[in-house]
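What follows is a single structure, written as structure tokens, with notes after it.
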Amino acid sequence: MPVSTSSSRVIYDALKASGVRLVSALPETWLVHLIRMAEDDPDMILVRLAKEEEGVGISAGAHFAGVTSAMLMQNHGFLASINGIVSCAQLYKIPLLMLISYRGEFGERDPWQTEGGGVTEDLLRALRIPFAYLDRPDHVASRIRKAQTLAYSANKPVALLLCRDLMWEEPA
Amino acid sequence: MMRRIDALNAIYPRLQESVVVTIMGAVAAELQSIGHRPNFFYLQHAMGLASSLGLGIALSRPMQRVIVLDGDGSVLMNLGGLTTLARYRPKNLVHIVFDNESLLSVGGFPTATSTGSDLAAIAHAAGVPHTSTVRETGALVGALNDAIGRNDLATIVAKVEAVGPAAFVTDLGLLENRFEFQRWLRQH
């Protein structure tokens with residue numbers, strides 16, 4: 001499976017370095033290594049979800065208790081979480097770091113991913129959720145750190161879009 | 001069948017000493033009418049996520065007793081959340097579901113529990129280790145005391161009358177409650 005192990009490691013290490021101690025996740029192809037890294041890490045609480053929206057509530061509870069968390073999901077999981085993001089995280093001003101695999105972009109071969117890919121950025125803008133791309137390993141650490149800094153200073157959800165160029169190693 | 005306000009009064013001594021997360025509407029307003037405390041958080045929207053929020057607290061603070069006050073309409077919106085609760089089985093969490101078989105806050109339309117859906121059976125099938133359905137305040141207090149004494153995850157479905165307060169908006173601001181609760185939790 002050409003999901004990049006090395007990029008996943010860079011992302012995971014950056015999450016750890018930024019103090020993340022709880023990760024909620026719903027598996028998708030691009031996230032397999034990240035979820036396994038969380039699973040193998042005795043210092044990380046991994047919460048496997050039935051549906052991504054639960055992760056908003058779990059992160060809110062963790063935040064109240066002083067635990068830094070992150071959500072790992074596909075962009076369709078973001079679509080499925082929107083009521084929770086608006087009526088829990090935004091209404092109650094919860095810092096929420098969302099790592100969203102950006103399926104359906106240029107290069108997508110799976111037809112079923114393409115509609116979600118086409119609306120992801122517009123929805124983030126409509127919800128006034130600050131976001132940036134993670135598309136190269138060399139800026140992953142600083143963007144995760146800065147995204148989290150803004151989430152905490154503004155008490156709001158922020159998103160990082162995990163892009164194909166970072167997550168997927170195309171056969172040459 | 002009991003009234004929810006009487007049920008809340010009966011379990012209030014246990015709520016006082018716990019971290020409490022409630023759903024929106026009638027439950028929040030009634031609990032506040034009995035007495036707000038800084039260790040009570042009222043999730044005034046995001047239907048379905050009260051149990052997820054309670055799980056996040058329970059996993060982050062294993063030494064704190066967490067009581068989630070849920071409702072049939074909210075649980076039905078997040079049935080998958082029961083499987084997540086059961087999967088992580090926080091021993092410090094008690095999940096109470098006030099089941100009035102209706103969406104009282106928005107017109108009283110009947111939910112599926114009015115036509116036979118059994119939330120305790122669903123929770124049991126989801127893997128929650130201890131489930132029960134109670135219809136009287138004494139039985140509710142007993143079930144809650146048992147759950148706390150057992151020190152294990154439990155879902156208690158409390159069948160209540162579909163009656164509630166005249167108004168749902170109280171003078172406690174959402175963000176006031178949120179920051180007060182966070183401060184309390186981080187100090188305890």
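How about the range B:148-188: which of its residues are without any contact (Cβ under 8 Å) to a residue 24 or more places away in the chain and acidic (Asp, Glu)?
Passing the criteria: B:171, B:176.
Would you be able to tell me the number of residues in the range B:20-41 that are among the aromatic types (Phe, Trp, Tyr) and either free of Cβ contacts under 8 Å to residues at least 24 places away in the same chain or closer than 16 Å to residue A:86 by Cα (or both)?
Selection size over the range B:20-41: 0.
Check whether at least one residue in the range A:48-55 is in a strand (DSSP E or B), within 16 Å of residue A:81 (Cα to Cα) and touching a strand residue (DSSP E or B) at 6+ places or on another chain (Cβ under 7 Å), and report yes or no.
For the range A:48-55, residues in a strand (DSSP E or B), within 16 Å of residue A:81 (Cα to Cα) and touching a strand residue (DSSP E or B) at 6+ places or on another chain (Cβ under 7 Å): present.
When both residues are 6+ apart or on different chains and their Cβ atoms are under 8 Å apart, which pairs have a first residue that lies in the range A:116-130 and is closer than 14 Å to residue A:74 by Cβ, and a second that is surrounded by 12 or more Cβ atoms within 10 Å (Cβ to Cβ) and at pLDDT below 95?
A:117/A:105; A:117/A:108
Of all residues in the range B:148-188, count the ones that are small (Gly, Ala, Ser) and under 19 Å from the mean Cα position of the chain (by Cα).
5
Among the residues of the range A:12-25, are any closer than 22 Å to residue A:170 by Cβ and assigned to a loop (DSSP other than H, G, I, E, B)?
No - not one qualifying residue is present in the range A:12-25.
Here is a list: A:37, A:1, A:71, A:44. Which entry is away from chain B (no Cβ under 14 Å) and either at pLDDT 95 or above or within 25 Å of residue B:89 (Cα to Cα) (or both)?
From the options A:37, A:1, A:71, A:44, the qualifying one is A:37.
Can you tell me which residue is nearest to the chain's Cα centre (by Cα) among those in the range A:144-170 that are within 14 Å of residue A:101 (Cα to Cα) and not hydrophobic (A, V, I, L, M, F, W, C)?
That would be A:164.
Consider the range A:80-123. How many of its residues are out of contact with any Cys (no Cβ under 9 Å at 6 or more places or on another chain), surrounded by fewer than 21 Cβ atoms within 10 Å (Cβ to Cβ) and away from chain B (no Cβ under 14 Å)?
Residues meeting the conditions: 17.
Go through the range B:32-46 and give me each residue that's over 17 Å from residue A:91 (Cα atoms) and surrounded by fewer than 23 Cβ atoms within 10 Å (Cβ to Cβ).
Within the range B:32-46, B:32, B:33, B:34, B:35, B:36, B:37, B:38, B:39 meet the criteria.
Give the residue, chosen from A:58, A:11, that is within 14 Å of chain B (Cβ to nearest Cβ) and crowded, with 17+ Cβ neighbours inside 10 Å.
A:58 is the lone residue from the list that is within 14 Å of chain B (Cβ to nearest Cβ) and crowded, with 17+ Cβ neighbours inside 10 Å.
Count, please, the residues in the range B:16-29 that happen to be in a helix (DSSP H, G or I) and either surrounded by fewer than 24 Cβ atoms within 10 Å (Cβ to Cβ) or touching a Lys or Arg at 6+ places or on another chain (Cβ under 6 Å) (or both).
So the answer is 3.
Looking at the range A:156-172, which of its residues are farther than 16 Å from residue A:9 by Cα and part of a helix (DSSP H, G or I)?
none
The values are calculated or read from the model by the stated rules, or taken from the named source; none is laboratory data. Remember, it's a predicted structure, so these values are computed and weren't measured experimentally. Glycine gets a Cβ as well: all are built from the backbone with ideal geometry, and neighbour counts include every protein chain shown.
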